[in-house]
Amino acid sequence: MKGILADNDVRGQVEYLVALMQTWREFWQDLGLSLFHFEDFAISPTATDQEVWVRCQAEELVLVTGNRTLSGPDSLEATIRLRNTVQSLPVFTIADARKVNVNKPYAEQVVESLIDYLQRIETLRGVGRLYLP
């Protein structure tokens, strides 16, 4: 895995979480990760969830997104159900994305969960989706 891709719906929240992670800089550095955005991989802001998920898997990126539901054949949940394999990286879904920027204790809980998951990412391949926190 080479990094985290912030979904467009939570770009600001993910940037804030990564900034908070700097208090645990040694973990971030040990993981050797980078934060990426759609434009870093020429992903259109209007790309379907399926296109984003497929690109994340191909590029070895963990997608961090807001809470999405099963809303059609190209939805994130439908894509995970259809295409997930034992080698697939999980998607991290922030359970309450609106709360991240206004409640620092909640944001810190999200960071702790994220760091825990990232440290053992290889054991989490194939699980589909994990919620933060």
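The values are calculated or read from the model by the stated rules, or taken from the named source; none is laboratory data. Given the structure is predicted, the values throughout are model-derived calculations rather than measurements. Methodologically, a virtual Cβ is constructed for each residue, glycine included, from the backbone with ideal geometry; neighbour enumeration extends over all protein chains shown. Each accessible area value is taken on the protein alone, full model and side chains, heavy atoms only, with ligands, DNA and RNA left out. Shrake-Rupley method; radii C 1.70, N 1.55, O 1.52, S 1.80 Å.
Of all residues in the range 117-132, those satisfying the criterion of being within 12 Å of the chain's Cα centre (by Cα) and either assigned to a strand (DSSP E or B) or free of Cβ contacts under 8 Å to residues at least 12 places away in the same chain (or both) are Arg129, Leu130, Tyr131, Leu132.
Every residue, every condition in (1) buried (at least 18 other Cβ atoms within 10 Å of the Cβ); (2) not in a strand (DSSP E or B), yes or no:
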{"residue": "Leu63", "(1), (2)": "yes, no"}
{"residue": "Asp74", "(1), (2)": "no, yes"}
{"residue": "Thr93", "(1), (2)": "yes, no"}
{"residue": "Leu114", "(1), (2)": "yes, yes"}
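Looking only at the range 36-56, which residues are buried (at least 16 other Cβ atoms within 10 Å of the Cβ) and either in a helix (DSSP H, G or I) or of a type in the set (D, E, K, R) (or both)? Listed by number, the residues that qualify are Phe38, Asp49, Gln50, Val52, Trp53, Arg55, Cys56. The residues in the range 14-50 that are closer than 26 Å to Arg81 by Cα, in contact (Cβ under 8 Å) with a residue 12 or more places away in the chain and of a type outside the set (A, V, I, L, M) can be counted, and the count is 8. Arg55 passes every criterion in (1) within 18 Å of Leu130 (Cβ to Cβ); (2) touching a residue at least 12 places away in the same chain (Cβ under 8 Å); (3) among the charged types (D, E, K, R) apart from (1).
Looking across the range 1-19, the residues that are in a loop (DSSP other than H, G, I, E, B) and over 11 Å from the mean Cα position of the chain (by Cα) come down to Met1, Lys2. Residues in the range 74-133 that are polar (S, T, N, Q) and more than 18 Å from Gln50 (Cβ to Cβ): Asn101, Asn103, Gln109, Ser113, Gln119, Thr123. A count restricted to the range 95-112 and to residues that are surrounded by fewer than 19 Cβ atoms within 10 Å (Cβ to Cβ) and either in contact with a strand residue (DSSP E or B) (Cβ under 6 Å, 6 or more places away or on another chain) or assigned to a helix (DSSP H, G or I) (or both) stands at 9. Going through (1) within 17 Å of Val10 (Cβ to Cβ); (2) among the hydrophobic types (A, V, I, L, M, F, W, C); (3) open to solvent by 70 Å² or more (accessible area, probe 1.4 Å) one by one, Leu82 falls short only on (1). Of all residues in the range 80-104, those that are over 18 Å from Tyr131 (Cβ atoms) and in contact (Cβ under 8 Å) with a residue 40 or more places away in the chain have Cβ atoms under 7 Å from Cβ atoms of residues that are in a loop (DSSP other than H, G, I, E, B) and open to solvent by 20 Å² or more (accessible area, probe 1.4 Å), 6 or more apart or on another chain, in Thr85/Gly126; Val86/Arg125; Val86/Gly126.
Residues in the range 1-35 that are open to solvent by 40 Å² or more (accessible area, probe 1.4 Å) and closer than 11 Å to Val111 by Cα: Tyr16, Ala19, Gln22, Thr23, Trp24.
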